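Peer 1: Before we start, here is the structure in question, set down as structure tokens.
What follows draws every value from the coordinates through simple rules; no lab data is involved. Note that the structure is a prediction, hence the values are computed from the model and not measured. In this analysis, Cβ positions are derived from the backbone assuming ideal geometry, glycine residues included, and neighbour counts consider all displayed protein chains.
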Amino acid sequence: MLFAMGVDRDDGDMSTQTGTEPRPELDPRAVAFARLMAIVDRLRAPDGCPWDRKQTIESMAPHLVEEAHEVLDAVDKNVDEKIAEEAGDVMMTVLLICRIAEEAGRFDLARAAHASSDKLIHRHPHVFGDVNVESAEEVLTNWEAIKKKEREGKQEDASALAGVPVSLPALQRAQRLCGKAVSAGFKWDNVAGAVAKLREEQGELDTALRASGLDRDAKAPATPAQRAAVEHELGDVMLAAAFLARYLDLDAEKLARDASHRFERRFRAMESRLPGPLANHSLPELMSAWQVAKSTE
């Protein structure tokens, strides 16, 4: 039978202690999820789809990343139908990975779901226990402290910065690292501190550019050490910008995507206003057309 929340367990059932015990009525969400699970099972059957049967956990990993980014694109466009479709593709990919693992005797969907459920219960003592919190910020602080204790118990990396995947997009990873550092107490008192740090890093970049001559000529004969210094300082500016976004409670990755979209939109508008190749036009002409494109958005 399908249930609205949770399933019966034999491994020290926590549901009676957390208020997540199953309800006997059929939940439309569970019915829909079971349908998707059955389709994935059918695709992996001996007479199923050759492509799906050929896949491994390793071969599906890039698809999971791709599908997640398609969800982000749909969210940016704010079209519910597309968001739902792409979120479903993520679920399908996760189901397929778990099905492949089950066939290999490694783990199955139930184990993955239980692991996530147990982790959520353990990390939300203010919901499933008797811990009191006053704000979302306090929840995050407790969350990171709980995760740190979990890693220590498993003899894993117990740094306050542990657990941020190295494969995350760079700006997103920078912002996650900042969030963890802030939760650990390494923080400025307000946004002004983050702004000052960004200006400091910009100043250091200016110094490195002047020393290398690259501020005057991108092809200047700078030494390898001078170029490395410029790369280092430019990277620090990007990091500081991501940290500032975290202090403003903004998504640095989304900000970069939005800025790229604006640039592309304005550049295309500029192209449409100027005849022939852009290389045939002077910089003042290009900038004038750019300003027109920018002002007419």
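Peer 1: Average projected area of the Cα convex hull of segment 164-250, in nm²? List each step's numbers first, then the result.
Peer 2: Working: hull surface 26.4 nm².
Reported value for the Cα convex hull: 6.6 nm².
Peer 1: Quick one: order MET91, MET287 by neighbouring beta-carbon count within 10 Å, fewest to most.
Peer 2: Least crowded to most crowded, the residues run MET287, MET91.
Peer 1: Then there is this: With the contact rule set at Cα under 8 Å and sequence spacing of 6 or more, what percent relative contact order holds for the chain?
Peer 2: 10
Peer 1: Can you tell me which lysines have their Cα less than 19 Å from the Cα of LYS154? Leave out same-chain residues fewer than eight positions away.
Peer 2: LYS119
Peer 1: I would also like to ask the following. Apply 1/(1 + (r/R0)^6) to the Cβ-Cβ distance of GLU138 and ARG273, taking R0 = 45 Å, and write down the FRET efficiency to the nearest 0.05.
Peer 2: The value I calculate is 0.30.
Peer 1: Also, I was wondering about something else. Just to be sure I understand the curve: with the Debye formula and one point per C-alpha of the chain, what is log10 I(q)/I(0) at q = 0.11 Å⁻¹?
Peer 2: Scattering profile of the chain, log10 relative to I(0): -1.01.
Peer 1: Kirkwood Rh, Cα Rg: Rg to Rh for segment 213-287?
Peer 2: Working: Rg = 17.5 Å, Rh = 15.7 Å.
Here the Rg-to-Rh quotient is 1.11.
Peer 1: What's the extension gain from ARG262 to GLU85 if we count 0.36 nm per residue and subtract their Cα-Cα distance?
Peer 2: Stretched fully, the ARG262-GLU85 segment lengthens by 61.1 nm.
Peer 1: Filter the trypsin sites (Lys or Arg not before Pro) in segment 100-206 down to the DSSP loop ones having no more than 11 other Cβ atoms within 10 Å, then list what survives. Write down the numbers at each step before the final one.
Peer 2: Values: sites: ARG106, ARG111, LYS119, ARG123, LYS147, LYS148, LYS149, ARG151, LYS154, ARG173, ARG176, LYS180, LYS187, LYS197, ARG199; in loops: ARG106, LYS154, LYS187.
Answer in residue order: ARG106, LYS154.
Peer 1: Report the FRET efficiency, 1/(1 + (r/R0)^6), for PHE107 and ARG35, where r is their Cβ-Cβ distance and R0 is 22 Å, rounded to 0.05. Mind showing how you got there, number by number?
Peer 2: On the way: r = 22 Å, r/R0 = 1.02.
E between PHE107 and ARG35, to the nearest 0.05, is 0.45.
Peer 1: Based on the alpha carbon coordinates of segment 15-132, what radius of gyration and maximum Cα-Cα distance (Dmax) apply, in Å?
Peer 2: Calculated on Cα positions, Rg and Dmax stand at 16.9, 54 Å.
Peer 1: Taking the simple approach of a point 7 Å from Cα along Cα-to-Cβ for both LEU161 and VAL292, what is their distance in nm?
Peer 2: Going by the 7 Å Cα→Cβ label model, 4.9 nm.
Peer 1: If you don't mind, another one. So what is the calculated 222 nm ellipticity per residue for the chain, using -39500 (n - 2.57) for each DSSP H run with n of 4 or more, over all residues, to the nearest 500 deg cm²/dmol? Intermediate values should be presented prior to the final figure.
Peer 2: Details: 13 runs with 202 residues, N = 297.
That calculation yields -22500 deg cm²/dmol at 222 nm.
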